[in-house]
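The values are calculated or read from the model by the stated rules, or taken from the named source; none is laboratory data. What you see is a predicted model; the values in this text were computed from it and never measured. Virtual Cβ from ideal backbone geometry, glycine too; neighbours counted across all protein chains shown.
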Amino acid sequence: MSDTSPVQVTVNGAARSLDVSTTETLLDALRWDLDLTGSKECCAEGECGACTVLVGDRAVNACLVLAVEADGLDITTIEGLGAGGDLSPLQDAFLQTGAIQCGFCIPGMVMAAQALLNENPSPTPADVREGLAGNLCRCAGYQRIVDAVLLAAEGPAA
Amino acid sequence: MRPFAYARPGSLAEAFDLLEDAEPGDVRMIVGGTDLIVGLQSGKIAPRLVVDLKHLADLPAGIAEIDGAISIAAPTSLTDIIADERVRASFPALVDAASTVGSVQIRNRASLTGNICNASPAFDTATALLIHDAVVVLTSRAGNRRVPVADFVLGPRSTDLRHGEIATAVELPLPTAPMGTKFARLTRRRGVDLATLSLCCAVGAGRARFAFGAVAPRPFVVTDESGVLADPEAGAHDRDRALLELTAQARPISDLRAGRDYRQAMLLVLSRRAHEAALASFHDGALNATPLNGG
Ligand SMILES: Cc1cc2nc3c(=O)[nH]c(=O)nc-3n(C[C@@H](O)[C@@H](O)[C@H](O)COP(=O)(O)OP(=O)(O)OC[C@H]3O[C@@H](n4cnc5c(N)ncnc54)[C@H](O)[C@@H]3O)c2cc1C
Ligand code: FES
Ligand code: FES
């Protein structure tokens, strides 16, 4: 058996049709079938958050969703933030606070932070830490990352 | 991952057809996939068929109050359970326990039924479910079977789920008398770490109970028959003696998270703290017997 199945997804606002194998994850489909390589693969088991995308309004680990399960889902990746080549206010805040070092964890961090801000536009530092507890940064930039999210929260229309 | 077929039945009847047609070892159900996909990735699980339970028209996600119990449908995410006002009012310890599972991303996908069915020795919702006498509803073509969570989990990775059955809901009887509860957990770090041990304490009129997790092959309940732990006037010495008697019933093992003796010692420490909080909350009447206006 190595059957493929047709899958319809909305990615960053555009309807996409894919033919995926059951052993592919949503992360594989995004990266290899749709060439959206912003979402990163690191642990591939839900521990690090580098693959975080939004499903609807909620952050999920794309490495823990089968591509076939994603049929019908509305997905936003890091490529879907901002408009017309401009950074979103949250992305900009990451730059301003110097939160980005090697950058590997950042797409996942930004998406987890975006999900937090969608739900809670004025989080406390503790809320931010809890919202990002599933995201690891090996450059140890946590303080600046938290600062970035708080900065974006204060700014206009995060 | 080894190749497998994926099925997305639209009704329970369709799901039963798929389950019954498969050999018992060849089929796995999926809800959040937070255990299953990790197992598939590592090759520890290699089913021929994966059946998705998230699109059954007659088993939608949701939480309802039915006959004096809160019923949580299998496809409901931990995030939605944690946010539910009725659950928050009547089962704060379950909310605390569920809130410790993994991370936001994990809780957005993971289900309570999946947490139970996966039956890890350290699954975090276990002790709160046991203290509230939660029941798993097991549905097959023949009808429903209701099994207390305490009996459903047989041991590490082993449950009483029979071939052809789906765990369709978890039912939590609404407390009929005031009780104070407290969940406590020991981990090496906050966030995405399995529990070294976990427990839940419940204090009601004349009675205190504890559920212990990760200190025996399966979570279990112990009851203080002496009444000392429900007595706010009891001295610290008497309380500690009663707590020691209860925690001595644990059979912890040594593993990568902690040694046996450390677990046993910490079980007492956390039991003491949880008991104090549960007793105080019982006496403050923090948990109201009538749901919806507590919490
Ligand atoms: C990074 C990470 C961190 C985690 N941290 C914690 C933690 O701190 N504490 C904790 O307790 N858990 C933790 N977990 C595990 C937790 O996410 C799971 O136990 C989850 O609750 C399982 O639910 P699910 O819907 O994802 O189950 P799935 O993965 O979909 O299924 C799990 C198992 O149960 C079976 N199953 C699922 N639903 C049913 C059903 N309705 N009827 C019959 N069988 C069913 C499946 O076939 C499978 O064998 C973690 C997982 C990850 C990946
Ligand atoms: S790659 Fe998905 S959580 Fe690490
Ligand atoms: S910036 Fe390097 S891992 Fe976070």
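Against the criterion of being under 15 Å from A:Ala59 (Cβ atoms), buried (at least 20 other Cβ atoms within 10 Å of the Cβ) and within 16 Å of ligand 1 (Cβ to nearest atom), A:Leu90 does not qualify.
Contact map, the stretch A:80-102: first residue closer than 12 Å to A:Val149 by Cβ, second residue away from ligand 3 (no atom under 12 Å from the Cβ) and β-branched (Val, Ile, Thr), Cβ cut-off under 8 Å, separation 6 or more or different chains; pairs are A:Leu90/A:Val149; A:Ala93/A:Val149. Count of the stretch A:24-67 residues, restricted to those that are under 11 Å from A:Val9 (Cβ atoms), more than 14 Å from ligand 2 (Cβ to nearest atom) and assigned to a helix (DSSP H, G or I), is 1.
Just one residue in the set B:Ser103, B:Ser111, B:Ser120, B:Ser90 is in contact with a His (Cβ under 9 Å, 6 or more places away or on another chain) and either surrounded by fewer than 21 Cβ atoms within 10 Å (Cβ to Cβ) or not charged (D, E, K, R) (or both); that residue is B:Ser90. B:Leu129 meets the conditions (1) over 15 Å from the mean Cα position of the chain (by Cα); (2) buried (at least 23 other Cβ atoms within 10 Å of the Cβ); (3) of a type outside the set (Phe, Trp, Tyr) in every case but one. The failed one is (1).
Checking A:Asp147, A:Asp127, A:Asp74 one by one, the residue that is assigned by TED's automatic domain parsing to the domain that holds A:Thr25 and more than 16 Å from ligand 1 (Cβ to nearest atom) is A:Asp74 and no other.
A count restricted to the stretch A:19-33 and to residues that are more than 14 Å from chain B (Cβ to nearest Cβ) and buried (at least 19 other Cβ atoms within 10 Å of the Cβ) stands at 2. Residues that are within 11 Å of chain A (Cβ to nearest Cβ) and within 25 Å of the chain's Cα centre (by Cα) within the stretch B:1-40 comprise B:Ile30, B:Val31, B:Gly32, B:Gly33, B:Thr34, B:Asp35, B:Leu36, B:Ile37, B:Val38, B:Gly39, B:Leu40, listed in sequence order. Beta carbons closer than 6 Å, at least 6 apart along the sequence or on distinct chains, pair a first residue in the stretch B:114-127 that is not assigned by TED's automatic domain parsing to the domain that holds B:Leu194 with a second that is within 16 Å of ligand 2 (Cβ to nearest atom) for B:Gly114/B:Gly32; B:Asn118/B:Asp35; B:Ala122/B:Leu194; B:Asp124/B:Val101. Listed by first and then second residue, the pairs with beta-carbon distance under 7 Å, at least 6 apart or on different chains, first residue in the stretch A:140-157 and modelled with pLDDT of 95 or more, second within 16 Å of ligand 2 (Cβ to nearest atom), are A:Ile145/A:Met109; A:Ile145/A:Leu132; A:Ile145/A:Cys137; A:Val149/A:Ala113. Would you say B:Val95 is outside any strand (DSSP E or B), in contact with a helix residue (DSSP H, G or I) (Cβ under 9 Å, 6 or more places away or on another chain) and surrounded by 18 or more Cβ atoms within 10 Å (Cβ to Cβ)? The answer is yes for B:Val95. Looking at the stretch B:128-149, which of its residues are over 16 Å from B:Phe91 (Cβ atoms) and either among the hydrophobic types (A, V, I, L, M, F, W, C) or in contact (Cβ under 8 Å) with a residue 24 or more places away in the chain (or both)? Selection gives B:Val137, B:Leu138, B:Thr139, B:Ser140, B:Arg141, B:Ala142, B:Asn144, B:Arg146, B:Val147. Determine, yes or no, whether A:Gln101 is assigned to a helix (DSSP H, G or I), polar (S, T, N, Q) and either out of contact with any Asp or Glu (no Cβ under 6 Å at 6 or more places or on another chain) or within 16 Å of ligand 2 (Cβ to nearest atom) (or both). No; evaluated as a whole, the condition is false for this residue.
With respect to A:Val11, determine if the residue is in contact (Cβ under 8 Å) with a residue 60 or more places away in the chain, farther than 22 Å from A:Tyr142 by Cβ, of a type outside the set (Ser, Thr, Tyr) and in contact with a Leu (Cβ under 8 Å, 6 or more places away or on another chain).
yes
Inside the stretch B:41-53, residues that are buried (at least 17 other Cβ atoms within 10 Å of the Cβ) and at the interface with another protein chain (Cβ under 8 Å from one of its Cβ atoms) make up a count of 3.
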